[in-house]
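First the structure, in the form of structure tokens, and then the observations on it.
The values are calculated or read from the model by the stated rules, or taken from the named source; none is laboratory data. This structure is a prediction, so every number in the text was calculated from the model and none was measured. Methodologically, a virtual Cβ is constructed for each residue, glycine included, from the backbone with ideal geometry; neighbour enumeration extends over all protein chains shown. Just so you know, the surface numbers come from the protein's heavy atoms only, side chains and all, with ligands and any DNA or RNA stripped out. Shrake-Rupley method; radii C 1.70, N 1.55, O 1.52, S 1.80 Å.
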Amino acid sequence: MKRQINFNAGPAEMPAEVLHEASKAVKRFGSTGSSILELSHRSKEFLDIVEESKTLVKQLCGIGSDYDVVWMQGGGRLQFCMLPMNFLDAKVGAGYLDTGHWADEAQKYATHYGKAEVLASSKEGNYNHLPEWPKKIPASLPYLHLTTNNTIYGTQWQTIGDSSAPLVADMSSDIFSGKRDYSKYAMFYAAAQKNLGAAGTTLVVIRKDFLDKAKADMPPMLSYKAQVKENSILNTANVFGVYVSLLTLRWIKEKGIAAIEKENKAKAKLLYDALDSSKVFVPHVKDKTQRSRMNVCFTATNAKQEKAFLELCEANDITGIKGHRLAGGFRASLYNAIELSSVERLVAVMAEFEAQAV
Ligand code: PMP
């Protein structure tokens, strides 16, 4: 069967090379005589996978030995819980920037464990813009949490303001999509199912001085200190998932972040230009400096057209284009694995649709 162009927001399209290598490993992993699915998480082979992945993450982020890298499970949402569990209590409150559904969820989860104040929000206007960066962020906050890319509404912080409090970022939907100063962050995390591999694997990177401030008296599974100490194998690790992330990291390194950024900019420009000149489609985010290069959200002028456009996409082997139920309309997720030719195809289908509709 023909491979579809998959614009899903995650799980999302993966690089063909990664899929090829991963499927080989399912049959037989290296010289082990076993499938990767049969490999012990305490084996030397898995330890090598963890070490290489940690080295690659640090290289790609341009960070050094003052950071720890750990693989966890439980996706983005478990980080929404673990972060406040490890750093908040009834007295100390953190700051949150509310820029979309996931940012809002992160803040709401935090209120179960301590104070979590929204310092800026763009909820009015259905998150079609980013709020102004707060003028003053007190150094007394244990952390300021932000979501670098808002998957559902299609905004992305291109520049990050100053913060006297440690910065913690959910980078689930734009990690490794371009150049970024990762050393600004005390901690960042990313669920893997967009730019970093398969669902069920989560990358957490935490600076040692920030980790020092985490609570020690915690159930080990939920403790950053314990997870780091046990080097990603506190419990039975997601061996296959971490391996798929390693393959993705190797693929990213081979291409280079600069080249990936250039491609991502070209893909996003192509689609936004088509939307800006369209009579049928309307981009959700108007401010060009705030538009996401990863998730391009748009609507059609009426609901009947939306259904017809989805059908035309399907007929052209384009899938995953329906918008999130909270935002409606359409969303094309242009993660690293999506090729420019796939966006060209989408834009051609949009033009065909427009020619029939107007
Ligand atoms: N953060 C962001 C930015 C996301 O896009 C998502 C999911 N799409 C999540 C967190 C939640 O991730 P998970 O489903 O792995 O909990």
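Within segment 219-263, being crowded, with 17+ Cβ neighbours inside 10 Å and acidic (Asp, Glu) holds for Glu261, Glu263.
Looking at segment 1-94, the helices (runs of 4 or more DSSP H) lying wholly inside it that each contain 1 or more residues that are within 30 Å of Lys108 (Cα to Cα) sit at 44-61, 75-87. Tell me, yes or no, whether segment 107-123 has at least one residue that is in contact (Cβ under 8 Å) with a residue 60 or more places away in the chain, part of a strand (DSSP E or B) and out of contact with any Lys or Arg (no Cβ under 7 Å at 6 or more places or on another chain). There is no residue in segment 107-123 that is in contact (Cβ under 8 Å) with a residue 60 or more places away in the chain, part of a strand (DSSP E or B) and out of contact with any Lys or Arg (no Cβ under 7 Å at 6 or more places or on another chain). Does at least one position in segment 129-142 carry a residue that is within 15 Å of the ligand (Cβ to nearest atom) and of a type outside the set (S, T, N, Q)? For segment 129-142, residues within 15 Å of the ligand (Cβ to nearest atom) and of a type outside the set (S, T, N, Q): present. Taking the options Lys269, Lys265, Lys253, Lys179, name whichever one is assigned to a loop (DSSP other than H, G, I, E, B), among the basic types (Lys, Arg) and away from the ligand (no atom under 16 Å from the Cβ). Criteria check complete, one pass: Lys179. Scanning segment 73-85 for residues that are open to solvent by less than 30 Å² (accessible area, probe 1.4 Å) and touching a Leu at 6+ places or on another chain (Cβ under 8 Å) yields Cys81, Met82. Looking only at residues in segment 86-101 that are open to solvent by 40 Å² or more (accessible area, probe 1.4 Å) and within 17 Å of Tyr143 (Cβ to Cβ), the one that is farthest from the ligand (Cβ to nearest atom) is Lys91. Of all the criteria given as (1) touching a residue at least 12 places away in the same chain (Cβ under 8 Å); (2) more than 16 Å from the ligand (Cβ to nearest atom), the one not satisfied by Ser245 is (2). Exactly one residue out of Gly114, Gly76 is within 15 Å of the ligand (Cβ to nearest atom), among the small types (Gly, Ala, Ser), in the same structural domain as Ser164 (by TED's automatic domain parsing) and under 28 Å from Gly161 (Cβ atoms): that is Gly76. The condition of being touching a residue at least 24 places away in the same chain (Cβ under 8 Å) and surrounded by fewer than 17 Cβ atoms within 10 Å (Cβ to Cβ) holds for only one of Asp276, Asp287, that being Asp287. Only residues that are under 25 Å from Phe7 (Cα atoms) and either in a loop (DSSP other than H, G, I, E, B) or away from the ligand (no atom under 11 Å from the Cβ) (or both) were counted in segment 143-154, giving 5.
Each residue in segment 226-271 was checked for being closer than 18 Å to Ala199 by Cα, small (Gly, Ala, Ser) and within 17 Å of the chain's Cα centre (by Cα), and 2 pass. Do we find a residue being open to solvent by less than 20 Å² (accessible area, probe 1.4 Å), aromatic (Phe, Trp, Tyr) and modelled with pLDDT of 95 or more anywhere in segment 102-113? Taking every residue of segment 102-113 in turn, none turns out to be open to solvent by less than 20 Å² (accessible area, probe 1.4 Å), aromatic (Phe, Trp, Tyr) and modelled with pLDDT of 95 or more.
The set of residues in segment 203-231 being touching a Phe, Trp or Tyr at 6+ places or on another chain (Cβ under 6 Å) and within 16 Å of the ligand (Cβ to nearest atom) consists of Val204, Val205.
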